[in-house]
Amino acid sequence: MLFGQSKTPVRPLYIPFSVDSEYGLMDTLGNEFAEPGKYDLIYNKNDFRYYIIGDRIKDADYPKFTYWLMDPQTAKKIDLGDLIDDDPVMRIADTAWYHFHKDNKSILASPLSNKSFAFDQKYTEVSGTKLYDTLGKYPTQLFFAELEDYDKEVWKLVDNKLIKESKIKKSYTIETVGTYIDSSYYRRNFAIGIAVLTTKPVAETKQAPAVANGKLPPPVITPIDNDGNEDEFYANIYDKDLKLVGTTKTSEEELSKIFQKSAKVGNYLIASPSIGGGIIKQTGDDHSVDLNETYAIKRILKSRGNYGTQEYYFVRKEADNQVTEIATLVDTKPNWAYFGNQKLLSFFFYTDKRLSAYFDYNGVAMPKGKLMIPAKYYNEKQDPAFVPYLFK
């Protein structure tokens, strides 16, 4: 693997939970390790292989955090430097790379790789994007590194090394230009270039024809066409190889002419690793799912007087295609979580206190069939059906 092999997932020993948006940890024996409020944020962004911990900055004008990485095996800090942002700058396969400050420089590093990449100085912010050709192939990895004075530098990753391409003044906007490819299953969006704000050309000056007495009137100024869209700007357009391919307004029409396919300005920076997805969607479709041979989430028709309503339940499967309802999910939101390629559940409870807790119905990452929250924080006002699944 080009950037270092990702570590094989190891079962975590410490599991995050939350009570009224305050985060704590418990171990896999059911003991509380850190009470709610010990951590202001805990993000499980990569299959329980590391956690991102957020500490709120006091007296900030808006919610602002400092971040660090935690090892789920020890609950101790993974020291790769000072983590600047909880969002990754680059992803290679399932490995996310983050921006750190170390030895007075900015570096890109990952807890899942022994490889790191160093810039030549310390930047306040680094973001990344991949540029592709118009067929979605042959990516070029770019980085936009911001300095204290808000000037930006553009870097490119070439043969496993960071190469500085250019410096752009703070007044010059940089936006990614993207397109898409439709398949029978989904639409893939990706970046194919960048647009860098530039100065509009001087308006064209035309001489009017001479009048009868031989005198010339003042020159006529032909204004540059402007459709009034404030989101569009005049820009130099570069392709995936940072070759200048045109200078134009950033309208979809003009960009599509340059790239010879539908193209427009948009946010095509790297996306965060998935932290799970909702199971029950707000659509009329049936989102019932069999979890394993024992558990399922089922949509069940319930009579309400002369009417009927369809509600989702967490159920235990019985013989003859019968089910035993464990709990209604009207006020309990189930999401997917992942351990490697194995699924488990993350429940969010809203009835009494706001709680979040993992439930591993197969036992792939944590004790099987246990709601991973200390029992003292869960009372029957939430849903008494889950009480038997708590550690006692």
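Sorting 370, 353 by the number of Cβ atoms found within 10 Å of their own Cβ, with the fewest placed first, yields 353, 370. Taking a ≥ b ≥ c as the square roots of the eigenvalues of the alpha carbon gyration tensor, region 112-169 is oblate, as a/c is not under 1.5 and a/b does not beat b/c. For residue 280 and residue 331, the difference between the fully extended length at 0.36 nm per residue and the C-alpha to C-alpha distance is 17.2 nm. At full extension, residue 93 and residue 169 could sit 24.0 nm farther apart than now, given 0.36 nm per residue minus the alpha carbon distance.
I need the calculated FRET efficiency for the pair residue 78 and residue 288, taking r as the beta carbon distance and R₀ as 30 Å, to the nearest 0.05.
On the way: r = 39 Å, r/R0 = 1.31.
After rounding to 0.05, the efficiency reads 0.15.
By definition, a body whose alpha carbon gyration tensor gives a ≥ b ≥ c is prolate when a/c is 1.5 or more and a/b is larger than b/c, and the chain fits this prolate description. With both labels modelled 7 Å from their Cα along Cα-to-Cβ, the residue 318 to residue 260 distance reads 6.6 nm. When the alpha carbon gyration tensor of region 243-387 is reduced to an equivalent ellipsoid, its three semi-axes come out at 43, 21, 16 angstrom, largest first. Normalised by the number of residues in region 97-157, the average gap of Cα pairs under 8 Å and 6 or more apart makes the relative contact order 22 percent.
One compactness figure for region 8-70 is 1.18, namely its Cα radius of gyration divided by 2.2 N^0.38 Å.
Relative to the Cα centre, the charge distribution of the chain, modelled as +1 at Lys and Arg Cβ and -1 at Asp and Glu Cβ, gives a dipole magnitude of about 580 debye.
Extension gain for residue 116-residue 102 works out to 3.9 nm (0.36 nm per residue, less the C-alpha to C-alpha distance). Remark: the Cα gyration tensor places region 330-392 in the oblate category, a/c being 1.5 or greater and a/b not exceeding b/c.
Bear in mind these aren't lab numbers, they're just calculated from the coordinates by the rules spelled out. Only a predicted model underlies this, so the values are computations on that prediction, with no experimental measurement involved. We place every Cβ from the backbone using ideal geometry, glycine too, and count neighbours over all the protein chains shown.
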